[in-house]
Amino acid sequence: MKTKTSKRIFAHAFLILISILFLVPFFWMLSTSLKDQTQIFSFPPEWIPTPFKWSNYQEAVEYIPFFSYLKNTVVITVFSTIGAVLTCPLVAYGFAKLKFKGSNALFIVTIAVMMIPGQVTMIPLFILFEKLGWVGSPLPLIVPVFFGVPFYIFLLRQFFLGLPDTLMDAARIDGAGEFRIYWQIMLPLAKPAVLAVGLFQFMGSWTDFLGPLLYLTDETSYTLSLGLQQFQSQRGTEWGLMMAVSTLMTLPIIILFFFLQKTFIKGITFSGIKG
(Lines give C-alpha, C1' and ligand atoms only; values in the text may rest on other atoms or scores of the structure.)
Protein backbone atom coordinates (compact mmCIF):
# COMPACT_ATOMS: atom_id res chain seq x y z
CA MET A 1 0.00 0.00 0.00
CA LYS A 2 2.80 2.39 0.90
CA THR A 3 4.61 1.47 -2.31
CA LYS A 4 1.55 2.37 -4.41
CA THR A 5 1.12 5.65 -2.54
CA SER A 6 4.78 6.61 -2.97
CA LYS A 7 4.64 5.77 -6.68
CA ARG A 8 1.54 7.91 -7.07
CA ILE A 9 3.16 10.83 -5.23
CA PHE A 10 6.29 10.52 -7.37
CA ALA A 11 4.22 10.39 -10.59
CA HIS A 12 2.21 13.48 -9.63
CA ALA A 13 5.35 15.37 -8.62
CA PHE A 14 6.99 14.50 -11.93
CA LEU A 15 3.94 15.60 -13.92
CA ILE A 16 3.71 18.87 -11.98
CA LEU A 17 7.38 19.55 -12.73
CA ILE A 18 6.88 18.88 -16.44
CA SER A 19 3.75 21.06 -16.53
CA ILE A 20 5.69 23.94 -14.94
CA LEU A 21 8.31 23.67 -17.69
CA PHE A 22 5.56 23.93 -20.31
CA LEU A 23 3.96 26.89 -18.53
CA VAL A 24 7.16 28.93 -18.33
CA PRO A 25 7.02 30.27 -21.95
CA PHE A 26 3.37 31.30 -21.57
CA PHE A 27 4.05 32.95 -18.22
CA TRP A 28 7.00 34.82 -19.72
CA MET A 29 4.84 36.01 -22.63
CA LEU A 30 2.16 37.21 -20.19
CA SER A 31 4.74 38.89 -17.99
CA THR A 32 6.42 40.63 -20.93
CA SER A 33 3.07 41.92 -22.16
CA LEU A 34 2.74 43.90 -18.92
CA LYS A 35 6.24 45.43 -18.88
CA ASP A 36 7.75 48.59 -20.27
CA GLN A 37 10.87 48.50 -22.44
CA THR A 38 13.31 48.98 -19.55
CA GLN A 39 11.92 46.03 -17.60
CA ILE A 40 11.92 43.72 -20.63
CA PHE A 41 15.68 43.98 -21.14
CA SER A 42 16.68 44.20 -17.48
CA PHE A 43 19.14 41.69 -16.04
CA PRO A 44 18.52 39.60 -14.05
CA PRO A 45 15.07 39.13 -15.65
CA GLU A 46 12.05 40.44 -13.75
CA TRP A 47 9.35 37.77 -13.81
CA ILE A 48 6.73 39.95 -12.14
CA PRO A 49 6.49 43.46 -13.65
CA THR A 50 6.28 46.42 -11.31
CA PRO A 51 3.99 48.13 -12.00
CA PHE A 52 1.72 46.30 -14.43
CA LYS A 53 1.54 48.25 -17.68
CA TRP A 54 -2.01 47.43 -18.79
CA SER A 55 -1.83 50.17 -21.41
CA ASN A 56 0.20 47.79 -23.60
CA TYR A 57 -3.01 45.91 -24.44
CA GLN A 58 -4.97 49.03 -25.29
CA GLU A 59 -2.16 50.43 -27.43
CA ALA A 60 -1.62 47.12 -29.24
CA VAL A 61 -5.33 46.69 -30.01
CA GLU A 62 -5.61 50.25 -31.28
CA TYR A 63 -2.49 50.06 -33.44
CA ILE A 64 -3.88 47.32 -35.70
CA PRO A 65 -7.56 46.68 -36.57
CA PHE A 66 -7.56 43.90 -33.99
CA PHE A 67 -11.30 43.33 -33.78
CA SER A 68 -11.64 43.22 -37.56
CA TYR A 69 -8.90 40.58 -37.72
CA LEU A 70 -10.56 38.76 -34.83
CA LYS A 71 -13.89 38.64 -36.67
CA ASN A 72 -12.23 37.28 -39.82
CA THR A 73 -10.39 34.64 -37.79
CA VAL A 74 -13.55 33.58 -35.96
CA VAL A 75 -15.52 33.22 -39.21
CA ILE A 76 -12.85 31.06 -40.87
CA THR A 77 -12.24 29.00 -37.73
CA VAL A 78 -15.90 28.35 -36.93
CA PHE A 79 -16.94 27.35 -40.44
CA SER A 80 -13.89 25.17 -41.07
CA THR A 81 -14.46 23.44 -37.71
CA ILE A 82 -18.10 22.83 -38.60
CA GLY A 83 -16.95 21.35 -41.91
CA ALA A 84 -14.53 18.96 -40.21
CA VAL A 85 -17.06 17.89 -37.58
CA LEU A 86 -19.84 17.28 -40.12
CA THR A 87 -18.02 15.43 -42.89
CA CYS A 88 -15.07 13.57 -41.36
CA PRO A 89 -17.12 11.40 -38.93
CA LEU A 90 -19.49 10.43 -41.75
CA VAL A 91 -16.65 9.32 -44.04
CA ALA A 92 -14.86 7.58 -41.18
CA TYR A 93 -18.03 5.69 -40.23
CA GLY A 94 -18.38 4.48 -43.81
CA PHE A 95 -14.82 3.16 -43.84
CA ALA A 96 -15.16 1.52 -40.42
CA LYS A 97 -18.62 -0.04 -40.49
CA LEU A 98 -19.92 -0.19 -44.06
CA LYS A 99 -18.16 -2.87 -46.07
CA PHE A 100 -18.36 -2.36 -49.81
CA LYS A 101 -16.24 -3.35 -52.78
CA GLY A 102 -13.07 -1.30 -52.94
CA SER A 103 -13.48 0.25 -49.49
CA ASN A 104 -10.03 -0.85 -48.34
CA ALA A 105 -8.38 0.46 -51.51
CA LEU A 106 -10.22 3.76 -51.18
CA PHE A 107 -9.13 4.06 -47.57
CA ILE A 108 -5.51 3.39 -48.57
CA VAL A 109 -5.75 6.19 -51.13
CA THR A 110 -7.16 8.49 -48.44
CA ILE A 111 -4.27 7.67 -46.12
CA ALA A 112 -1.76 8.04 -48.97
CA VAL A 113 -2.88 11.65 -49.43
CA MET A 114 -1.39 12.35 -45.99
CA MET A 115 2.06 11.45 -47.34
CA ILE A 116 2.01 14.16 -50.00
CA PRO A 117 3.87 17.27 -48.72
CA GLY A 118 1.83 20.44 -48.69
CA GLN A 119 4.46 22.18 -50.82
CA VAL A 120 3.67 19.81 -53.70
CA THR A 121 -0.02 20.73 -53.85
CA MET A 122 0.38 24.40 -52.94
CA ILE A 123 0.76 25.77 -56.49
CA PRO A 124 -1.89 23.53 -58.16
CA LEU A 125 -4.40 24.41 -55.43
CA PHE A 126 -3.65 28.10 -55.79
CA ILE A 127 -4.20 27.90 -59.55
CA LEU A 128 -7.45 26.00 -59.00
CA PHE A 129 -8.80 28.53 -56.52
CA GLU A 130 -7.69 31.38 -58.76
CA LYS A 131 -9.63 29.88 -61.67
CA LEU A 132 -12.66 29.62 -59.39
CA GLY A 133 -12.25 33.27 -58.38
CA TRP A 134 -11.81 32.40 -54.72
CA VAL A 135 -8.39 34.01 -54.16
CA GLY A 136 -8.88 37.07 -51.98
CA SER A 137 -11.76 35.46 -50.07
CA PRO A 138 -11.82 33.02 -47.12
CA LEU A 139 -13.40 30.26 -49.26
CA PRO A 140 -10.11 28.39 -49.94
CA LEU A 141 -9.63 28.15 -46.18
CA ILE A 142 -13.14 26.84 -45.50
CA VAL A 143 -14.60 24.86 -48.42
CA PRO A 144 -11.86 22.15 -48.75
CA VAL A 145 -12.48 21.05 -45.14
CA PHE A 146 -16.07 20.14 -46.06
CA PHE A 147 -14.65 17.46 -48.38
CA GLY A 148 -12.88 15.73 -45.49
CA VAL A 149 -9.43 15.81 -43.91
CA PRO A 150 -7.51 12.50 -44.24
CA PHE A 151 -5.88 12.71 -40.81
CA TYR A 152 -9.20 13.29 -39.03
CA ILE A 153 -10.86 10.52 -41.06
CA PHE A 154 -8.13 8.12 -39.98
CA LEU A 155 -8.49 9.03 -36.29
CA LEU A 156 -12.27 8.74 -36.32
CA ARG A 157 -12.20 5.47 -38.24
CA GLN A 158 -10.04 3.96 -35.50
CA PHE A 159 -12.57 5.11 -32.91
CA PHE A 160 -15.55 3.71 -34.82
CA LEU A 161 -13.75 0.37 -35.17
CA GLY A 162 -13.74 0.15 -31.37
CA LEU A 163 -17.53 0.42 -31.17
CA PRO A 164 -19.39 -2.93 -31.11
CA ASP A 165 -21.27 -4.04 -34.23
CA THR A 166 -24.01 -5.50 -32.02
CA LEU A 167 -25.43 -2.00 -31.57
CA MET A 168 -25.84 -1.67 -35.33
CA ASP A 169 -27.34 -5.14 -35.65
CA ALA A 170 -29.91 -4.39 -32.93
CA ALA A 171 -30.86 -1.14 -34.64
CA ARG A 172 -31.25 -2.88 -38.01
CA ILE A 173 -33.57 -5.44 -36.42
CA ASP A 174 -35.69 -2.54 -35.17
CA GLY A 175 -35.90 -1.25 -38.74
CA ALA A 176 -33.44 1.65 -38.54
CA GLY A 177 -31.69 2.74 -41.72
CA GLU A 178 -27.94 3.22 -42.03
CA PHE A 179 -28.01 7.00 -41.72
CA ARG A 180 -30.27 6.81 -38.66
CA ILE A 181 -27.92 4.27 -37.08
CA TYR A 182 -25.02 6.61 -37.71
CA TRP A 183 -26.75 9.79 -36.57
CA GLN A 184 -28.66 8.56 -33.51
CA ILE A 185 -26.49 5.71 -32.23
CA MET A 186 -22.88 5.69 -33.44
CA LEU A 187 -22.21 9.43 -33.67
CA PRO A 188 -23.25 10.19 -30.04
CA LEU A 189 -20.95 7.40 -28.86
CA ALA A 190 -18.10 8.96 -30.86
CA LYS A 191 -18.62 12.38 -29.27
CA PRO A 192 -15.20 12.44 -27.51
CA ALA A 193 -13.34 11.71 -30.76
CA VAL A 194 -15.46 14.18 -32.75
CA LEU A 195 -14.82 16.93 -30.21
CA ALA A 196 -11.11 16.12 -30.29
CA VAL A 197 -11.16 16.52 -34.08
CA GLY A 198 -13.06 19.77 -33.70
CA LEU A 199 -10.46 21.05 -31.26
CA PHE A 200 -7.63 20.04 -33.60
CA GLN A 201 -9.29 21.89 -36.48
CA PHE A 202 -10.05 24.92 -34.33
CA MET A 203 -6.43 25.19 -33.22
CA GLY A 204 -5.15 24.65 -36.75
CA SER A 205 -7.41 27.29 -38.29
CA TRP A 206 -6.94 29.78 -35.47
CA THR A 207 -3.14 29.72 -35.72
CA ASP A 208 -2.85 29.11 -39.48
CA PHE A 209 -0.47 31.55 -41.13
CA LEU A 210 0.47 30.08 -44.52
CA GLY A 211 -3.10 29.63 -45.77
CA PRO A 212 -4.22 33.22 -45.10
CA LEU A 213 -0.89 34.49 -46.43
CA LEU A 214 -1.51 32.73 -49.76
CA TYR A 215 -5.19 33.42 -50.30
CA LEU A 216 -6.08 36.63 -48.44
CA THR A 217 -4.97 39.57 -50.54
CA ASP A 218 -7.05 42.37 -49.03
CA GLU A 219 -5.91 43.75 -45.67
CA THR A 220 -9.53 44.00 -44.50
CA SER A 221 -9.81 40.20 -44.72
CA TYR A 222 -6.62 39.45 -42.77
CA THR A 223 -6.66 37.05 -39.82
CA LEU A 224 -4.96 37.48 -36.46
CA SER A 225 -1.91 35.51 -37.54
CA LEU A 226 -1.34 37.90 -40.46
CA GLY A 227 -2.09 40.85 -38.21
CA LEU A 228 0.54 39.63 -35.74
CA GLN A 229 3.11 39.33 -38.52
CA GLN A 230 2.19 42.80 -39.76
CA PHE A 231 2.56 44.16 -36.24
CA GLN A 232 5.98 42.50 -35.91
CA SER A 233 7.22 43.93 -39.20
CA GLN A 234 6.13 47.46 -38.25
CA ARG A 235 6.79 47.55 -34.50
CA GLY A 236 8.89 44.46 -33.89
CA THR A 237 11.18 46.19 -31.39
CA GLU A 238 8.26 46.92 -29.04
CA TRP A 239 8.12 43.51 -27.45
CA GLY A 240 5.61 44.49 -24.78
CA LEU A 241 2.99 45.37 -27.37
CA MET A 242 3.79 42.33 -29.47
CA MET A 243 3.45 40.00 -26.48
CA ALA A 244 0.15 41.66 -25.61
CA VAL A 245 -1.24 40.80 -29.07
CA SER A 246 0.20 37.28 -28.81
CA THR A 247 -1.46 36.78 -25.42
CA LEU A 248 -4.85 37.89 -26.74
CA MET A 249 -4.47 35.50 -29.67
CA THR A 250 -3.49 32.56 -27.44
CA LEU A 251 -6.15 32.95 -24.73
CA PRO A 252 -9.14 31.53 -26.70
CA ILE A 253 -7.29 28.26 -27.37
CA ILE A 254 -6.28 27.91 -23.72
CA ILE A 255 -9.82 28.61 -22.51
CA LEU A 256 -11.33 26.16 -25.01
CA PHE A 257 -8.89 23.41 -24.06
CA PHE A 258 -9.50 24.07 -20.35
CA PHE A 259 -13.23 23.41 -20.69
CA LEU A 260 -12.87 20.47 -23.11
CA GLN A 261 -9.77 18.79 -21.70
CA LYS A 262 -11.56 15.68 -20.35
CA THR A 263 -13.42 15.07 -23.59
CA PHE A 264 -10.28 15.83 -25.59
CA ILE A 265 -8.23 13.26 -23.66
CA LYS A 266 -10.97 10.65 -24.09
CA GLY A 267 -11.01 11.30 -27.83
CA ILE A 268 -7.29 11.00 -28.45
CA THR A 269 -7.03 7.80 -26.42
CA PHE A 270 -9.89 6.27 -28.48
CA SER A 271 -11.69 4.82 -25.47
CA GLY A 272 -14.36 2.90 -27.36
CA ILE A 273 -17.04 0.74 -25.75
CA LYS A 274 -15.99 -2.80 -24.97
CA GLY A 275 -18.36 -5.28 -26.50
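The values are calculated or read from the model by the stated rules, or taken from the named source; none is laboratory data. Nothing here was measured: the structure is a model prediction, and the numbers come from that model. Using ideal geometry, Cβ is built from the backbone for each residue, glycine included, and neighbour counts are taken over all protein chains shown. The area values use the complete protein model at the heavy-atom level, side chains included, leaving out ligands, DNA and RNA. Shrake-Rupley method; radii C 1.70, N 1.55, O 1.52, S 1.80 Å.
Which of 199, 86, 256 ends up with the largest GNM mean-square fluctuation for the chain, with Cα atoms connected below 10 Å?
256
Write down the radius of gyration of region 109-232 and its Dmax, each obtained from C-alpha positions, in Å.
19.0, 62
Just subtract the alpha-carbon distance of residue 207 and residue 24 from 0.36 nm times their residue separation and send over the number in nm, one decimal.
63.9 nm
When the Kirkwood radius is taken over all Cα pairs of region 73-123, what Stokes-Einstein diffusion coefficient follows at 25 °C and 0.890 mPa s, in µm²/s?
187 µm²/s
When 1/r is averaged over all different Cα pairs and the result inverted, which Kirkwood radius in Å belongs to region 1-136?
Result for region 1-136 stands at 21.7 Å.
With axes computed from alpha carbons, what is the tilt in degrees of helix 239-268 against the longest principal axis of the chain, rounded to the nearest 10 within 0 to 90?
Once rounded, the angle reads 20 degrees.
Going by alpha carbons, how many degrees (0 to 90, nearest 10) lie between the helix axis of 191-207 and the longest principal axis of the chain?
It works out to around 40 degrees.
Before I look further, what does region 1-137 give for accessible area per residue, probe 1.4 Å, in whole square angstrom?
Roughly 69 Å² per residue, with all protein chains present.
Note down the accessible area of residue 62, probe 1.4 Å, to the nearest 10 Å².
Residue 62 exposes around 130 Å² with every protein chain in place.
Find the Cα radius of gyration of region 196-240, compare it with 2.2 N^0.38 Å by division, and give the number to two decimals.
Here the answer is 1.34, to two decimals.
What distance in nm separates the two pseudo spin-label positions at residue 147 and residue 43, each 7 Å out from Cα along the beta-carbon direction?
So the label points at residue 147 and residue 43 sit 5.4 nm apart.
Looking at the chain as a GNM with Cα springs under 10 Å, which of 185, 173, 18 has the largest mean-square fluctuation?
For the chain, modelled as a Gaussian network with Cα springs under 10 Å, the answer is 18.
What does the extension gain come out to for residue 130 and residue 14, with contour length at 0.36 nm per residue minus their alpha carbon separation?
36.6 nm
Leaving ligands, DNA and RNA out of it, report the carbon-plus-sulfur percent of the accessible area of the chain at a 1.4 Å probe.
That fraction is 72 percent.
At 1.4 Å probe size, what's the solvent-accessible area of residue 222? Round to the nearest 10 Å².
Residue 222 has an accessible surface of roughly 50 Å² with all protein chains in place.
Please find, in a Gaussian network model of the chain (springs between Cα atoms separated by less than 10 Å), the residue of 220, 207, 166 whose mean-square fluctuation is greatest.
Of 220, 207, 166, the most mobile in the Gaussian network model is 166.
Rg to Rh for the chain: what is it, with Cα atoms only and Rh by Kirkwood?
1.06
For a Förster distance of 35 Å, can you work out the FRET efficiency between the beta-carbons of residue 116 and residue 74, rounded to the nearest 0.05? Spell out each step's value before the answer.
Numbers: r = 30 Å, r/R0 = 0.85.
Approximately 0.70, to the nearest 0.05.
Once you place label points 7 Å from the Cα toward the Cβ at residue 169 and residue 184, how far apart are they in nm?
Rounded to a tenth, the inter-label distance reads 2.1 nm.
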